[in-house]
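Heads up: the structure comes next, in structure tokens.
The values are calculated or read from the model by the stated rules, or taken from the named source; none is laboratory data. Since this is a predicted model, take the numbers as computed values, not measurements. Cβ coordinates were reconstructed from backbone atoms using ideal geometry, including for glycine residues, and neighbour counts include every protein chain displayed. Accessible surface is based on the protein model in full, side chains and every heavy atom, while ligands, DNA and RNA are left aside. Shrake-Rupley method; radii C 1.70, N 1.55, O 1.52, S 1.80 Å.
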Amino acid sequence: MILIFIAISCHNTSESSDVLADVSYEEQAMLNLPHKQKNVNVVERKLIKKGNVSFEVDDLKSTTKKIKTALVKYGGYIAEEKSEKGYYRNDVYITVRVPNASFDAFLGEISKGVKEFDEKNINVSDVTEEFLDVSARIKTKKELEKRYLQLLTKAKNVKEILEVEKELEEVRSEIERIEGRLKYLENNISFSTLKIKFYKKIEEKINEESFWGKIIKAFKNGFDGLKSLFLFLITIWPLLIILSVIYIFIRKKLKNKTTT
């Protein structure tokens, strides 16, 4: 009985070794990752904050200055800035990047004095799992790169060298792609993005007693009258149809009498 048990144990151990041999080097590296990397709960959460706000102000210059002062205070910077002049109002658009830890404080700072937000939208995305996955994949790919470099030194002929170099090039290309994604995540985790839009309404004052003022007023009155007429015609469209039918009927009757 003891001999049979030992034989079975050895057989199971042999099968286990064969299975591990069939597992790719990359998969084995993934299995050997530290437990701390696998367990998302023990890692600091990786959050990406993005938001946009829109509000009316009394002075565009003072608001712009307030935003720039707050950026210096909280260690942020301007990613994009533009202004637009319209007929009824002037708009300013500023996109800022603020350290994640200071996002709420910065938003509170620039919100002082704002009576009402036309729009206020803050979005928080948890990318902890993706961050850990990308980090683990980079580690695995670099281990695979080392393995190919070792194989390259052991290559016996040109054919083997070319085959290993081809695989090595693909692995390095994959490493660059994954590292690019990791840098993107790190940047957006470290710095939150806030799109700020603020505007000032324009009240154009025209001297209506002047010649040009009277002309502009006449144009406005004419346009308002045309608009009122159009709305009135839309309102009585059933009556217009009935009158049109009556007109056509009477006209045909008169035409028939004339012919007769």
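Annotations
- Highest to lowest packing among 111-119, 92-100, scored as the average C-beta count within 10 Å: 92-100, 111-119
- Pair-distance distribution of the stretch 121-177: all C-alpha pairs, bin width 5 Å, starting at 0; shares per bin in whole percent are 4, 17, 21, 16, 12, 9, 7, 5, 4, 3, 2, 1, 0.
- Accessible surface, per residue, of the stretch 122-190 when the full set of protein chains is kept, probe 1.4 Å, Å²: 67
- Accessible surface comparison of Ile246, Ile215, probe 1.4 Å, protein chains only, largest first: the order is Ile246, Ile215.
- Most to least accessible of Arg251, Arg45, Arg89 (protein chains only, probe 1.4 Å): Arg251, Arg45, Arg89
- Across the cross-link table entries Lys73/Lys195; Lys46/Lys120; Lys73/Lys183, which are compared at the Cα atoms, the separations over 20 Å belong to Lys46/Lys120; Lys73/Lys183.
- Note: the stretch 69-168, Cα convex hull, 202 Å³ per residue.
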